[in-house]
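Notes follow the structure.
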Amino acid sequence: MISQVRTRTVKTSAVMRSAAFMRGFKEARKGTPMDYDAYTGAREVDKRWDYERGRQFGFIYDGDVKDGGRIRHDALYEYALASRRNWVR
């Protein structure tokens with residue numbers, strides 16, 4: 001039997017603030033193919049998820065995620081909406 005990964009609740013803004021999310025977002029917006037080898041280490045599971053979420057969001061959102069170092073409210077709202085619609089997992 002395979003054990004499941006432990007899950008925990010995190011704020012959406014924390015996910016969107018991560019470097020891995022922003023990398024995935026920017027690569028998707030540029031049309032760069034997915035880097036399947038990104039964040040493959042055993043301790044990089046969270047980064048891998050953030051990268052994939054960033055790519056998903058990059059295909060459906062055409063605005064800026066950050067204004068300087070802050071997450072834009074409209075980006076946060078659109079991400080929450082996309083999540084509720086199961087467009088971003």
Legend entry - Selection within region 33-47 - surrounded by 16 or more Cβ atoms within 10 Å (Cβ to Cβ) and of a type in the set (Lys, Arg): 47
Legend entry - Residue count for region 22-62, restricted to those that are in a loop (DSSP other than H, G, I, E, B) and farther than 16 Å from residue 83 by Cβ: 12
Legend entry - Only one of 32, 12 that is free of Cβ contacts under 8 Å to residues at least 24 places away in the same chain and on the phi < 0 side of the Ramachandran plot: 32
Legend entry - region 63-86 - residue that is in contact with a helix residue (DSSP H, G or I) (Cβ under 8 Å, 6 or more places away or on another chain) and surrounded by fewer than 15 Cβ atoms within 10 Å (Cβ to Cβ) and, of those, nearest to residue 10 (Cα to Cα): 80
Inset, instruction - Give region 63-74 a look and list any residue that's closer than 10 Å to residue 16 by Cβ and either among the β-branched types (Val, Ile, Thr) or assigned to a helix (DSSP H, G or I) (or both), or say none. - result: 65, 71
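FYI, it's all coordinate maths here, none of it is from the lab. Computed from a prediction, not measured in an experiment: that's the story for all the values here. Glycine gets a Cβ as well: all are built from the backbone with ideal geometry, and neighbour counts include every protein chain shown.
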